[in-house]
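Report on the following structure.
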């Protein structure tokens, strides 16, 4: 049985999205139990409306407060300790749940999760990772997306380990290809942090394929793309902005005249196929990595379908042992570093990389 | 008369693109004279095929060598001094031309341009700027796009000045709104360089509107968006990659079946309108800013239409006195800084900003 705590009150919409999405996942997965965290009375009502076939898949955990999307991190962290977000994360900490899903505001969720769960040994800073759709029809995992604005090569190395574990666990990829986001494929390109990170990554057992560029994310050149949180956040928001603009313009083009509206009607099945392919709701659910617990963040404006994908990713992460895979990854690097320190010749001998 | 030197041999295609594009611009603008730089014999042939109505708009300048897209910067800079790129830039330096347009490789063009033209007083590092389409149907100028990977707040300030002058000159925008690319709109967000840059920008006469995020580029929140070259390059390549993936998928959707092909036929006029709107060829032509001369870089893979837009942008830059506007902008900042140094109270008095 996999137990997932849902912060039912978080996000732009709260219960009208979180409850139906949770029930959808419960219907198709009999091996999940949900802790529904939030206002007991309101959750009961919403759950009744959603008509789940197996009521024993749900336990309601009452929480008095709600962290809003506008609450400053300090308020979320210190003043609203009885919020649904805090309670859901406490359930993970106390091992009443294996994972937590929240659509609450990212800064607050990261701060509260870090405060309650703490980081894993060997991880200095948690990171946020998500998958972006690529032209192979799969997802490219990108991290960090904004938790860490100033990063050292050591931090980027840790992101690579965590991202690799995530791609293994959630996407089922064996030995994921890891790329370092840079402004050229050549090793001599980039800033000092990136150059130094390349050296570190080459000395690990990770499947490091070298530098990748922005467009490689959408080509699917690597399974995991590593960057600092400033670059990752700008990148994520830029591609979201472009996608929104383009889809708005496409819609407008088909609404312009009687002819275009007719054409839209005829092209509808084709446009639906296209929309399904680029539908970013299928990639909803960013992982907060490096914590002593599995935490997934849904987009604040997620609808029922999108939110259900975030729950699915959390389910996959627990089922495929994301935490254990991360810990093994960290240990492999630590041992590797220790080994190469005691035997410096090994640093030069990249052909004999042990498999992760 | 505006005189533009064309590096006819540069780019993925060379003459078959550069000559017809140049002739197109010459046909619609009688006040331009072109220096066509490259292999004399080949240019003569290509020019004859393009059938210009006024042959006196063209002077051929022979150049023996060609810098290829793969030439390392060192080769371009030191060994191929008789290349069409060098000759075109020498024409600008010696005031035989007011601007140069090249589709040659970016790194080489920047290095050779900097070597031949030198930087303007008050500018430490040249930058690369381009316009990205926004949902207002205009272009948002973004810089730097990769010339400078490690930037100080002082460099970002210079980019803001140069970008502002470019938006005034090429897009005809009075007092352009300048935004600083960050990971949140709040002043407390971002890394140390960005925070310090905010302080610098607030103390200038520029129309600084504060922080902007990645999606603001496509919303058109600011006319000019400033970032370091690492972030700008990743951003540019990411959005290009996404755009390519999405357009490929849209095409594929319409090619899938007999029905979809029929739908494509009916939707064709609508899709053409849409394509024209998001056509990035209309935004071709990146400016190399901060040099003692006007230099525009066309995309290497530009077709005739795209290349003609790069020439148009160079034309606009000369006609609207980009260089003079940049120099005035630098002087305004320098004076402002000196004034605020001699009278520190002025630093606090942002309401009395002089107009640029």
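Among the residues of segment B:254-264, is there at least one that is at the interface with chain A (Cβ under 9 Å from one of its Cβ atoms), crowded, with 21+ Cβ neighbours inside 10 Å, over 15 Å from residue A:245 (Cα atoms) and modelled with pLDDT of 85 or more?
Yes: one or more hits.
Please determine, by comparing only the residues of segment B:191-205 that are in contact with a strand residue (DSSP E or B) (Cβ under 7 Å, 6 or more places away or on another chain) and buried (at least 17 other Cβ atoms within 10 Å of the Cβ), which one is nearest to residue B:334 (Cα to Cα).
Filtering segment B:191-205 down to residues in contact with a strand residue (DSSP E or B) (Cβ under 7 Å, 6 or more places away or on another chain) leaves B:194, B:197-198, B:201-202.
If we keep only those that are buried (at least 17 other Cβ atoms within 10 Å of the Cβ) as well, we get B:194, B:197-198, B:201.
On the way: B:194: 20, B:197: 16, B:198: 17, B:201: 13 Å.
So the residue we want is B:201.
Here is a list of conditions, (1) farther than 19 Å from residue B:136 by Cβ; (2) within 14 Å of another protein chain (Cβ to nearest Cβ); (3) over 19 Å from the mean Cα position of the chain (by Cα), and residue B:208 meets all of them except one; can you say which number that is?
Just one mismatch for residue B:208, condition (2).
Of all residues in segment B:176-190, count the ones that are within 18 Å of residue B:143 (Cα to Cα) and more than 21 Å from the chain's Cα centre (by Cα). Working first, answer last.
Taking segment B:176-190 first, the residues within 18 Å of residue B:143 (Cα to Cα) are B:176-183, B:190.
In the following step, the residues that additionally are more than 21 Å from the chain's Cα centre (by Cα) were identified as B:182-183, B:190.
Total meeting the criteria: 3.
Taking the condition of being under 28 Å from residue A:323 (Cβ atoms) and under 22 Å from the mean Cα position of the chain (by Cα), how many residues in segment A:39-68 meet it?
Final tally of qualifying residues: 1.
Before we move on, is residue B:102 surrounded by 20 or more Cβ atoms within 10 Å (Cβ to Cβ) and either more than 17 Å from residue B:310 (Cβ to Cβ) or in contact (Cβ under 8 Å) with a residue 40 or more places away in the chain (or both)?
Details: surrounded by 20 or more Cβ atoms within 10 Å (Cβ to Cβ): yes; either more than 17 Å from residue B:310 (Cβ to Cβ) or in contact (Cβ under 8 Å) with a residue 40 or more places away in the chain (or both): yes.
Here the answer is yes, as residue B:102 does meet what is asked.
State whether the residues of segment A:307-329 include one that is assigned to a loop (DSSP other than H, G, I, E, B) and either closer than 14 Å to residue A:102 by Cβ or assigned by TED's automatic domain parsing to the domain that holds residue A:144 (or both). Break it down stepwise before answering.
First, pick out the residues of segment A:307-329 that are assigned to a loop (DSSP other than H, G, I, E, B): A:320-321.
Going one step further and asking which of them are either closer than 14 Å to residue A:102 by Cβ or assigned by TED's automatic domain parsing to the domain that holds residue A:144 (or both), we end up with none.
No: zero hits.
Between B:248, B:241, B:232, B:214, which is more than 7 Å from chain A (Cβ to nearest Cβ) and modelled with pLDDT of 85 or more? Even if it seems obvious, please write down each step before you answer.
Values: B:248 fails: more than 7 Å from chain A (Cβ to nearest Cβ); B:241 fails: more than 7 Å from chain A (Cβ to nearest Cβ); B:214 fails: more than 7 Å from chain A (Cβ to nearest Cβ).
Criteria check complete, one pass: B:232.
Can we say residue B:137 is assigned to a loop (DSSP other than H, G, I, E, B) and within 14 Å of chain A (Cβ to nearest Cβ)? Talk me through it step by step, then tell me what you get.
On the way: assigned to a loop (DSSP other than H, G, I, E, B): yes; within 14 Å of chain A (Cβ to nearest Cβ): yes.
In short, yes.
Of (1) buried (at least 22 other Cβ atoms within 10 Å of the Cβ); (2) more than 7 Å from every other protein chain (Cβ to nearest Cβ); (3) out of contact with any helix residue (DSSP H, G or I) (no Cβ under 8 Å at 6 or more places or on another chain), residue B:225 satisfies all except one. Which?
Unmet condition: (3).
Quick grid of which residues meet (1) touching a strand residue (DSSP E or B) at 6+ places or on another chain (Cβ under 6 Å); (2) closer than 23 Å to residue B:312 by Cα:
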{"position": "B:1", "(1), (2)": "yes, yes"}
{"position": "B:11", "(1), (2)": "no, yes"}
{"position": "B:14", "(1), (2)": "no, yes"}
{"position": "B:45", "(1), (2)": "no, no"}
{"position": "B:80", "(1), (2)": "yes, no"}
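Being out of contact with any strand residue (DSSP E or B) (no Cβ under 9 Å at 6 or more places or on another chain) and farther than 12 Å from residue A:226 by Cβ is the filter; apply it to segment A:144-168 and report the residue that is farthest from the other protein chains (Cβ to nearest Cβ).
Looking at residues that are out of contact with any strand residue (DSSP E or B) (no Cβ under 9 Å at 6 or more places or on another chain) and farther than 12 Å from residue A:226 by Cβ, I get A:168.
Can we say residue B:67 is within 25 Å of residue B:148 (Cα to Cα) and in contact with a strand residue (DSSP E or B) (Cβ under 6 Å, 6 or more places away or on another chain)? Show your work before the answer.
On the way: within 25 Å of residue B:148 (Cα to Cα): yes; in contact with a strand residue (DSSP E or B) (Cβ under 6 Å, 6 or more places away or on another chain): yes.
Answer is yes for this residue.
Condition test on residue A:92, is it within 14 Å of chain B (Cβ to nearest Cβ) and either in contact with a helix residue (DSSP H, G or I) (Cβ under 9 Å, 6 or more places away or on another chain) or modelled with pLDDT of 95 or more (or both)?
On the way: within 14 Å of chain B (Cβ to nearest Cβ): no; either in contact with a helix residue (DSSP H, G or I) (Cβ under 9 Å, 6 or more places away or on another chain) or modelled with pLDDT of 95 or more (or both): yes.
So residue A:92 does not fit the description; no.
The values are calculated or read from the model by the stated rules, or taken from the named source; none is laboratory data. Not measured: the values here are computed from a predicted model. Cβ sites come from the backbone with ideal geometry, for glycine too, and all protein chains shown count toward neighbours.
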